[in-house]
1. Can you give me the distance in nm between label points at E88 and L158, each placed 7 Å from the Cα along the Cα-to-Cβ direction?
2. How far apart, in nm, are two points set 7 Å out from the Cα along the Cα-to-Cβ line at E176 and at W104?
3. Most fluctuating residue of I92, I57, I192 in a GNM of the chain with Cα springs under 10 Å: which is it?
4. Over the chain, calculate the relative contact order: mean separation of alpha carbon pairs under 8 Å at least 6 apart, over the residue count, as a percent.
5. Please give me the summed charge of the neighbours of S15: other residues whose Cβ is under 15 Å from its Cβ, Lys and Arg +1, Asp and Glu -1.
6. Nearest 5 is fine: what % of DSSP beta bridges in the chain come out antiparallel, could you say?
7. Could you give the length gained on full extension between A166 and E211, defined as 0.36 nm per residue of separation minus the Cα-Cα distance, in nm?
8. Treating only the Cβ of Lys, Arg, Asp and Glu as charged (+1, +1, -1, -1), what charge dipole size does the chain show about its Cα centre? Round to the nearest 20 debye.
Amino acid sequence: MLKVGLTGGIASGKSVVGEMFVALGAYLVQADRIAHSLMSPGAPVYNEVVRHFGRDILNRDGSVDRAKLAEAAFGPAGADKTASRIEELNRIVHPAVIRSQKEWMHAVGVQHPHGVAMVEAALILEAGAADDFDRMVVVTCNPEQRAVRFAARQKVDLETARKEVARRMAAQLPDEEKIKVADFVIDNSGAIESTREQAGRVWQQLSQEAEAGASAARWESR
């Protein structure tokens, strides 16, 4: 089994590319969904987050309001970087997410020894988890497209989106640094058809490598 990290900055289109890989045959998990499940009421991560950030981040039913948590972590809109508590949040959440990712990849490997297990996560490198993967795929796009996508997703105006994307990108490694450690780079700046073609070319190499690795393992076990 081949373990692949799929990463990129905010609003780069990681999820869209991930869906393309799933359609091609990859097994994929989103770190964001793992984090969401770990913050279910009563879970250890949930308890720590509430202890650090207070009950003001909760909905009436006790669940975490992700928008309020984001504001608490990044600081109010328009605040400077010194107001950010994102590193504090990451220290609580990242270790548990990384453990869950490893457990998931192990389970995929047991069931699908010639498969490709892919983890989609924005902060693989920032969390120090790059060594958990055999290959790294980085998704990029131009800054204006990030803002347009973020505006559409969050239903805010474009200028607000530009400022918020810039603020959140400040808590992530720039694309230039991520590209340095990438095995494959997918430029999601153009038409969706171009992105799909790139994903197809990358998949061909990943799937071949996964099959070659599985074949080698079978040979060694004889």
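1. Between E88 and L158, the label points sit 3.6 nm apart.
2. Roughly 3.2 nm, to one decimal.
3. I192
4. Working: 301 pairs, mean separation 78.7, N = 222.
This gives 35 percent for the chain.
5. Working: positive: K14, R33, R146, R149, R153, R196; negative: E19, D32, E120.
Net charge around S15: +3.
6. Working: 1 of 19 bridges.
If I count the DSSP bridges inside the chain, around 5 percent turn out antiparallel.
7. Working: separation 45, 0.36 × 45 = 16.20 nm, distance 4.04 nm.
Result: 12.2 nm gained on full extension.
8. On the way: 28 positive and 30 negative charges, 87 e Å.
About 420 debye.
Computed from the coordinates by the stated procedures, all read-outs in this text should not be read as laboratory data. The shown structure was predicted, so the numbers you read here are calculated from the model rather than taken from an experiment. Cβ coordinates were reconstructed from backbone atoms using ideal geometry, including for glycine residues, and neighbour counts include every protein chain displayed.
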